[in-house]
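S.K.: One structure, pasted below without further comment.
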Amino acid sequence: MSGQEVIETPRNIIVVDDDPITLRIQEKMLRDWGYKATPIISGRQAIEAIRSNPPDLIILDINMPEMDGYAVCEELKKDPQTAAIPVIFISAYNETSEKVRAFKAGGVDYITKPFQPDEVRARLATHLDLLAKARALKLSYEKLRRSETMRDAMINMVIHDLRSPLTSIGLSMEYLYGEAQETLDEDSAALLSEAVKSVKWMGHMINSMLDLHKLETGQVKLSFADCDFSAIVREGVKSIRDMTTNCAIVTEPFSGSAMVKADKGILLRVVESLVGNTVKMVSEGATVRVGLREEPGFFRLRVRDDSTPIPSEFHGLLFDKYNATKVRAMKRSYSTGLGLPFCKAAAEAHGGSVGLESHPENGNTFWILLPASMV
């Protein structure tokens with residue numbers, strides 16, 4: 001409180017040694033340095049005391065009857081409640097093999113007897129300082145995680161609430177367009193048509209964002225079944241083509257079926273997102289080619305454009321939810337919303353992968369690779 005001295009609780013250090021004289025010396029030494037010292041004379045008693053009242057740090061002798069220091073440390077490291085407590089070994093053993101064994105058991109330091117008090121004091125201060133920083137970092141991380149969780153929840157709540165009125169607007173505009181297009185002049189009809197398509201794009205983006213959130217949080221359970229990937233691609237391309245006026249979408253022929261085990265609804269969204277992202281990003285009059293091909297054990301969907309190649313340093317960023325927003329903040333128009341991160345999450349949930357290739361003469365190729373179904 002303001003105007004009052006803040007009294008800090010002394011750091012609690014447990015000292016474990018089977019020699020009563022050494023134990024008393026270490027206890028006095030620690031108390032003189034301002035620590036709270038708890039002496040314990042056996043390994044088994046130490047484990048019970050540490051579990052009931054975890055200390056800030058443990059000073060542990062190695063050569064003890066019944067249960068030596070190595071066994072004590074290994075036992076503590078198995079328990080999540082005590083695993084993070086730093087253990088400093090103090091022993092008369094000076095062999096390298098003993099020191100290596102101590103570190104393998106989980107110790108953070110090793111001091112050889114007879115020890116110098118100043119050395120022990122300096123090492124204690126170092127490890128307690130590291131512990132304080134680790135705890136502060138953990139608290140900061142937990143605070144940040146709670147903040148991000150709350151922010152994501154609020155964003156997704158808003159997005160979810162937007163979907164219903166947006167759907168209503170879209171249906172109303174489509175109805176008006178169907179009823180009035182013959183009575184409107186050409187420019188007015190074109191404007192209304194563009195407005196209808198824009199509402200559909202907004203709905204598509206909202207669905208991708210909601211689906212990504214559900215995939216990441218485990219709120220959606222995928223219903224896997226044998227699906228014809230080629231049929232889903234045709235359906236997805238048709239959906240995007242109905243909303244597109246700025247470019248031509250060419251579907252390359254694929255003979256036969258391409259059976260994959262997938263959630264059809266989610267896979268259709270993936271195709272729409274992958275094709276839709278390219279369509280929205282290419283320049284007026286560009287050509288987007290969508291093709292499916294069979295590879296050993298897999299089917300690969302490729303969405304190619306003839307635009308300016310995307311620099312390689314952005315390839316991985318576009319599929320990451322957080323980095324994708326950073327790329328947009330840099331005024332780099334390589335993706336729309338969170339469609340590509342959704343594609344990545346969905347592809348990985350299906351045992352597949354996504355990626356991007358750019359070539360100076362061939363533009364950009366976004367792809368998704370899915371395992372073929374063993375039917």
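S.K.: For the range 221-283, list the strands (runs of 3 or more DSSP E) that sit wholly inside it and hold at least 2 residues that are crowded, with 22+ Cβ neighbours inside 10 Å; which are they?
M.R.: Details: elements: 225-228, 248-251, 259-262.
It comes to 259-262.
S.K.: Scan the range 269-303 for residues that are out of contact with any Phe, Trp or Tyr (no Cβ under 8 Å at 6 or more places or on another chain) and either farther than 17 Å from C227 by Cα or not hydrophobic (A, V, I, L, M, F, W, C) (or both) and report the count. Spell out how you get there, then give the answer.
M.R.: Going residue by residue through the range 269-303, those that are out of contact with any Phe, Trp or Tyr (no Cβ under 8 Å at 6 or more places or on another chain) are 271-272, 275, 279, 282-290, 294-298.
Filter once more, keeping what is either farther than 17 Å from C227 by Cα or not hydrophobic (A, V, I, L, M, F, W, C) (or both): 272, 275, 279, 282-290, 294-297.
Of the residues in the range 269-303, 16 are out of contact with any Phe, Trp or Tyr (no Cβ under 8 Å at 6 or more places or on another chain) and either farther than 17 Å from C227 by Cα or not hydrophobic (A, V, I, L, M, F, W, C) (or both).
S.K.: What residue, of E313, E357, is at pLDDT 90 or above and surrounded by fewer than 18 Cβ atoms within 10 Å (Cβ to Cβ)? Step through it out loud before you land on a result.
M.R.: Details: E313 fails: at pLDDT 90 or above.
Among E313, E357, only E357 is at pLDDT 90 or above and surrounded by fewer than 18 Cβ atoms within 10 Å (Cβ to Cβ).
S.K.: For the range 84-106, indicate whether the set of residues that are more than 13 Å from I14 (Cα to Cα), β-branched (V, I, T) and either outside the structural domain of P20 (by TED's automatic domain parsing) or within 36 Å of the chain's Cα centre (by Cα) (or both) is non-empty.
M.R.: If we filter the range 84-106 for residues that are more than 13 Å from I14 (Cα to Cα), which is where we start, we get 84, 91-106.
Applying the additional criterion that residues be β-branched (V, I, T) yields 96, 100.
Those still in the list that are either outside the structural domain of P20 (by TED's automatic domain parsing) or within 36 Å of the chain's Cα centre (by Cα) (or both) too: 100.
Checked the range 84-106: at least one residue is more than 13 Å from I14 (Cα to Cα), β-branched (V, I, T) and either outside the structural domain of P20 (by TED's automatic domain parsing) or within 36 Å of the chain's Cα centre (by Cα) (or both).
S.K.: Hey, any hits in the range 228-246 for a residue that's closer than 23 Å to S358 by Cα, of a type in the set (K, R) and at pLDDT below 90?
M.R.: Looking for residues that are closer than 23 Å to S358 by Cα, of a type in the set (K, R) and at pLDDT below 90, one finds none in the range 228-246, hence no.
S.K.: Quick one: which of S283, S257 is in contact with a strand residue (DSSP E or B) (Cβ under 8 Å, 6 or more places away or on another chain), in the same structural domain as S358 (by TED's automatic domain parsing) and not acidic (D, E)?
M.R.: Numbers: S283 fails: in contact with a strand residue (DSSP E or B) (Cβ under 8 Å, 6 or more places away or on another chain).
Result of the check over S283, S257: S257.
S.K.: Follow-up. State all residues of the range 293-324 that are assigned to a strand (DSSP E or B), basic (K, R) and touching a residue at least 60 places away in the same chain (Cβ under 8 Å); if no residue qualifies, say none.
M.R.: R300, R302, R304 - these are the residues of the range 293-324 that are assigned to a strand (DSSP E or B), basic (K, R) and touching a residue at least 60 places away in the same chain (Cβ under 8 Å).
S.K.: If you scan the range 316-352, which residues turn out to be out of contact with any helix residue (DSSP H, G or I) (no Cβ under 8 Å at 6 or more places or on another chain), modelled with pLDDT under 85 and either closer than 23 Å to E284 by Cβ or buried (at least 16 other Cβ atoms within 10 Å of the Cβ) (or both)? Please lay out each step first, then the result.
M.R.: Initially, the range 316-352 is screened for residues out of contact with any helix residue (DSSP H, G or I) (no Cβ under 8 Å at 6 or more places or on another chain), giving 322, 325, 328-331, 348, 351-352.
Pick out the ones that are also modelled with pLDDT under 85 and you get 322, 325, 328-331.
Answer for the range 316-352, where residues must be out of contact with any helix residue (DSSP H, G or I) (no Cβ under 8 Å at 6 or more places or on another chain), modelled with pLDDT under 85 and either closer than 23 Å to E284 by Cβ or buried (at least 16 other Cβ atoms within 10 Å of the Cβ) (or both): R328, K331.
S.K.: Can you go through L191, L124, L166, L139 and tell me which one is at pLDDT 80 or above, assigned to a helix (DSSP H, G or I), under 20 Å from M243 (Cβ atoms) and not assigned by TED's automatic domain parsing to the domain that holds G339?
M.R.: On the way: L124 fails: under 20 Å from M243 (Cβ atoms); L166 fails: at pLDDT 80 or above; L139 fails: under 20 Å from M243 (Cβ atoms).
The match here is L191.
S.K.: Which residue, of V290, V275, V279, V270, is touching a His at 6+ places or on another chain (Cβ under 9 Å) and either hydrophobic (A, V, I, L, M, F, W, C) or in contact (Cβ under 8 Å) with a residue 24 or more places away in the chain (or both)?
M.R.: On the way: V290 fails: touching a His at 6+ places or on another chain (Cβ under 9 Å); V275 fails: touching a His at 6+ places or on another chain (Cβ under 9 Å); V279 fails: touching a His at 6+ places or on another chain (Cβ under 9 Å).
Criteria check complete, one pass: V270.
S.K.: Next up: Which one of these is among the hydroxyl-bearing types (S, T, Y) and within 24 Å of the chain's Cα centre (by Cα): S223, S230? Step through it out loud before you land on a result.
M.R.: Numbers: S230 fails: within 24 Å of the chain's Cα centre (by Cα).
Every option except S223 fails the conditions.
The values are calculated or read from the model by the stated rules, or taken from the named source; none is laboratory data. Note that the coordinates shown come from a computational prediction; the quantities given were computed from them, not determined experimentally. Please note: Cβ atoms are built from the backbone with ideal geometry, for glycine as well, and neighbour counts cover all protein chains shown.
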